[in-house]
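To start, the structure under review is shown below, and the notes come after it.
What follows is calculated from the coordinates using simple rules that are stated; it is not laboratory data. Fair warning: this is a prediction, and the values are worked out from it, not measured in the lab. Here the Cβ is made from the backbone with ideal geometry for all residues, glycine too, and neighbour counts use every protein chain on show.
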Amino acid sequence: MQQKIVLIGGPGTGKTTIINELIKRGFYCMPEVSRKVTLKAKKEGIEQLFLTEPLLFSKMLLEGREEQYNKAQNLKEEIVFFDRGIPDVHAYMNYFNTIYPDYFIEKSNTYKYTKIFHFSPWKEIHITDNERYESFEESVKIDTFLITTYSELGYELINVPFGSVEERTNFIINSLSCE
């Protein structure tokens, strides 16, 4: 049975760096969808789609993450890593206190993942850029919503310790091979 592994945590906690390292090591990884959605909106003249139309942005994210999940289902890979999962969408909506349709949570209950690796906020590596505008303090707050959302869905989170890219990646791989 295929393992679907999700990396979660507030913005700027090192998830994408680890995804890139996993790719280098030959693992199949699904990239973060929000950067793609944000860049597409910018090309259409909308500077911060999430801030101007959070529900539309979140619907686009949900569709993208659902598409990734279904794509993974059709792969022959034993392990597929995801840079964020479907529940992240409504966790962010909760953080921004935005009302959203029930199907956001229904999709989180329908599409299940095998393991969730949590990356805690880490001030030393947190940076902002054109697509990641959240401050470190905002990242910490978002992280609490992510933890709550995944826990309420019945997931046990595995905390990835701080360390080098190699150490963090090895921790994840070793955690999978313990089974």
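Think of the chain as a dipole: +1 on every Lys or Arg Cβ, -1 on every Asp or Glu Cβ, centred on the Cα centre; then among Gly163, Ile173, Cys29, Cys29 lies furthest on the positive end.
Sorting Thr16, Thr114 by the number of Cβ atoms found within 10 Å of their own Cβ, with the fewest placed first, yields Thr114, Thr16. The angle separating the long axis of helix 136-152 from the principal Cα axis of greatest extent in the chain is about 70 degrees. For region 30-42, putting each phi into the Karplus relation 6.51 cos²θ - 1.76 cosθ + 1.60 with θ = phi - 60° gives couplings of 9, x, 5, 7, 5, 5, 4, 5, 5, 5, 4, 5, 4 Hz, in residue order, rounded to whole numbers and with x for Gly and Pro.
Only lysines eight or more places from Lys141 in sequence, or on another chain, were considered; those with a Cα closer than 27 Å are Lys4, Lys15, Lys36, Lys40, Lys42, Lys59, Lys107, Lys112, Lys115, Lys123. Taking other C-beta atoms within 10 Å as the exposure proxy, Asp102, Asp88 rank Asp102, Asp88 from fewest upward. Summary value for region 3-177: 36 percent relative contact order, contacts being C-alpha pairs under 8 angstrom separated by 6+ residues.
Residues in region 65-96, backbone N under 18 Å from the label point at Tyr28 (7 Å along the Cα-to-beta-carbon vector): list them, ranges by number please. Residues 65-86 qualify, since their backbone N sits under 18 Å from the label point. Where only DSSP H runs of four or more residues are counted, the chain gives -16000 deg cm²/dmol as its mean residue ellipticity at 222 nm, each run worth -39500 (n - 2.57).
Computed from label points 7 Å out along Cα-Cβ, the spacing between Asn109 and Gln3 is 2.8 nm. When the chain is described by a simple charge dipole with +1 on each Lys and Arg Cβ and -1 on each Asp and Glu Cβ, the residue from Pro121, Met1, Ala41 located farthest towards its positive end is Met1.
For region 9-24, 3J(HN,Hα) computed residue by residue from phi via the Karplus equation (6.51, -1.76, 1.60; θ = phi - 60°) reads x, x, x, x, 9, x, 4, 5, 4, 6, 4, 4, 5, 5, 4, 4 Hz, glycine and proline entered as x. Under the simplified labelling scheme, the Val140-Lys71 pair shows an inter-label distance of 3.5 nm, with each label point 7 Å from Cα along Cα→Cβ.
Ranking of Thr38, Thr148 by neighbouring Cβ atoms within 10 Å, starting from the fewest: Thr148, Thr38.
The H on the amide N of Phe82, modeled in the peptide plane, is under 5 Å from the matching H of Ile5, Val6, Leu7, Met30, each at least 5 residues off or on a different chain.
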